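Rule-based calculations on the coordinates, nothing more; no lab input. Nothing here was measured: the structure is a model prediction, and the numbers come from that model. Cβ atoms come from the backbone with ideal geometry, glycine included; neighbour counts cover every protein chain shown.
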Amino acid sequence: MELIEKLTNELDTEITRVWQEYVDLHTELAPHCDKPITDNVDEINRLLKEIQEKFALLWPAYHFIATRHQSVTNAVNFYNDFIDRLKQSGAKQDQSEAPTIVEG
């Protein structure tokens, strides 16, 4: 497996894991919402802190993805144009191992 594919798979797994923990913390906080914060202040503060910390863990990956979106779109379009030019020139693609291009 190539390095980029390996790292992408690992990142996907880690984002999914941390996101689920983030969602679970919101679920845990839900019963405290829409009530005055008088009881369970320590518990609410703990949950709020953990929610912020989980999102802080996710932020670098989300920021990277968001800032690279246009670059990825351009790269996919460039590759698709390349394939179209090859087809127009009469090239035939080996369907046994044809790459799948996902447009976003």
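Below is a table of values for the structure above.
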{"quantity": "Rounded tilt (10° steps) of 41-88 against the dominant C-alpha axis of the chain", "calculated": "10"}
{"quantity": "Options Asn9, Ala66, His26, ranked by Cα towards positive dipole end of region 1-68, top entry (Cβ charges)", "calculated": "Ala66"}
{"quantity": "Difference of contour (0.36 nm per residue) and Cα-Cα distance, Leu7 to Asp24", "calculated": "3.6 nm"}
{"quantity": "The chain, dipole about Cα centre (Lys/Arg Cβ +1, Asp/Glu Cβ -1), debye to the nearest 20", "calculated": "460"}
{"quantity": "Sequence-distant aspartates and glutamates (8 or more away, or on other chains) whose Cα lies within less than 16 Å of Lys54", "calculated": "Asp12, Glu14, Glu21, Asp24, Glu28"}
{"quantity": "Karplus (6.51, -1.76, 1.60) ³J(HN,Hα), θ = phi - 60°, over region 26-31, in Hz, Gly and Pro reported as x", "calculated": "5, 4, 5, 7, 3, x"}
{"quantity": "Share of pairwise Cα separations in the chain, more than 18 Å, in percent", "calculated": "68"}
